[in-house]
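As structure tokens, the structure follows; a few thoughts come after it.
No lab work stands behind these numbers, since they all come straight from the coordinates. Source: prediction; values computed, not measured. Cβ coordinates were reconstructed from backbone atoms using ideal geometry, including for glycine residues, and neighbour counts include every protein chain displayed.
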Amino acid sequence: MNEQSSKNKVAWEFRAYEFWNKRDGSPQDKANKILESPIACLKKHKQYFYHIEGKKIANLCGSNGRKAVPLALLGAEVTVFDISEENKKYALELAHYAKTSIDYIIGDIYDINLKKYGNYFDILYLEGGILHYFNDIGKFISILYSLLKEGGVLVLSDFHPLRKCIVEGSESLTRTGYFDQELRNGDIAYKHYFDEQEQQEFPDVSVRSYTLSEIINSVITSGLTLQKFDEHRGWENENIPWEFTISAIK
């Protein structure tokens, strides 16, 4: 595990299970909500997951299982790859209460066993803002390519690179510009769910920003065929690009 991943593992294992309970409710409560309509839990990506019975799906950086469990309930064989034991704890409890099962593998994505999982998955699903945790996007996307079967589909959704520039304004751009390539320290995503005094105890994550062209070109040069690129508004219908989704096929 490299230095960046080691640092992010420490951060994501600091009170993450407590956070998921704060934000999403107990695993049992969250499971009950998912059971009401598993497909609805996939939100803007549900178009990719109709008729997935028996499909092998990898949910990389799958966090607390909030996407993996609905996919399993829809009939897929789901494997989560993630770095956090705290995330795994919540996810497996979530699957238990939803009366389904998922495989959950802890480790660095860079270190996935490609002898076992190479050319294995029908679909890869990545969402929720994960690219900035990887300092070598070319290597990262090449691993995704290796995991897919011929004809397999990558569904990659992440924060739109322009969002930070637009929301935080020009002053922020002088510190971390759109074309910045440096690793930098940042707050763990859920830090601000805790009171100010507790926030002082949280370890930093190590992140790296990418431009939109770096992201798209890394998919193309990996050998994947880009099928679709969508830009999304924020949850409050903001008139700026908030997230994007790439669909590509091997």
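Some points to look at:
- Convex hull volume of the C-alpha atoms in segment 3-249, normalised per residue: 129 Å³.
- Distance between modelled label sites at LYS164 and ASP136, nm, 7 Å Cα→Cβ extension: 2.1
- Antiparallel content of DSSP bridges confined to segment 3-249, in %, to 5: 50
- Database remark: amide H of HIS160 closer than 5 angstrom to the amide H of GLU243, PHE244 (H placed geometrically; neighbours at sequence offset of 5 or more, or on other chains; Pro and chain starts carry no H).
- Using the Stokes-Einstein relation with a Kirkwood hydrodynamic radius computed over Cα pairs, the translational diffusion coefficient of segment 40-158 at 4 °C and a viscosity of 1.567 mPa s comes to 91 µm²/s.
- Long pairs among LYS22/LYS250; LYS22/LYS67; LYS56/LYS139; LYS43/LYS164; LYS22/LYS116, criterion Cα-Cα beyond 28 Å: LYS22/LYS250; LYS22/LYS116
- The phi-based Karplus calculation (6.51 cos²θ - 1.76 cosθ + 1.60; θ = phi - 60°) puts the 3J(HN,Hα) values of segment 16-21 at 5, 4, 5, 4, 4, 5 Hz, whole numbers, x for Gly and Pro.
- Gain on full stretching of the segment that runs from LYS43 to ASP29 - 0.36 nm per residue minus C-alpha separation: 3.1 nm
- Placing R0 at 22 angstrom, the Cβ-Cβ distance between ASN2 and THR211 gives a FRET efficiency of 0.45 after rounding to 0.05.
- Sorted by Cβ neighbour density within 10 Å, fewest at the top, the residues HIS160, HIS96: HIS96, HIS160
- Along segment 37-46 the Karplus relation, 6.51 cos²θ - 1.76 cosθ + 1.60 evaluated at θ = phi - 60°, assigns HN-Hα couplings of 6, x, 5, 5, 5, 8, 6, 5, 9, 5 Hz to successive residues, with x for each Gly and Pro.
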